[in-house]
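This report concerns only the one structure given below.
Coordinate-derived values only; no laboratory data. Model, not experiment: these values are computed from the prediction. Ideal geometry is used to build each Cβ from the backbone, glycine not excepted, and the neighbour counts take in all protein chains shown.
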Amino acid sequence: MRPLRLARIAAEAEGLRLRLIATRIATRVVLGLIALGFLFGTLVFCHVAVWFWIRHSWEGPWAALIMAGGDLVFALVLFLLAARSSPGHLEAEALAVRRRAVQSIAGSLAFSSMAAQLLRIGVRMFRRARR
């Protein structure tokens, strides 16, 4: 009886731990989203400040073209960085480990099914030999 009670206590403790981890992660996500909102607002106000600074130096249409060109260059740099992103060394190693594990599982399943077939054949032969 004692081992079952200890197992139940361990399971309840693990459940509590997982709920607390989930609560902590949810709190971090909410705070991160709020921070992203403030960061977005900061970027918008910086963009407006640059617009006004350029507008005081240049006439209206030129200021808009300069701002659009700067935004386009920034977007192209970000796009090139995103397109350049390739799988890293750890990602490639993890994929290789997964493939080896799947192959091992397939091999062990094939061996298990073959062993089961051989066992059935052996049982049939043993029964026929006894008759």
Inset, instruction - Name the residue farthest towards the positive end of the dipole of the chain from the options SER86, ALA68, CYS46, assuming +1 on Cβ of Lys and Arg, -1 on Cβ of Asp and Glu, about the Cα centre. - result: SER86
Legend entry - the chain: most fluctuating residue of VAL102, VAL50, VAL29 per GNM, C-alpha cutoff 10 Å: VAL102
Legend entry - Point-charge dipole on Cβ atoms (K/R +1, D/E -1) for the chain, about Cα centre, debye to 20: 2040
Inset, instruction - Please sort through the DSSP H helices of the chain and keep those with an alpha-carbon extent of at least 24 Å along the long axis and a Kyte-Doolittle average not below 1.6. - result: 60-84
Legend entry - Mean shadow area of the chain, taken as a quarter of the surface of its Cα convex hull (nm²): 18.4
Inset, instruction - Run the quick spin-label model on ARG128 and GLN103: label points 7 Å from Cα toward the beta carbon, then report their separation in nm to one decimal. - result: 3.8
Legend entry - the chain, helix-only ellipticity at 222 nm - DSSP H runs n ≥ 4, -39,500 (n - 2.57), divided by all residues, nearest 500: -35000 deg cm²/dmol
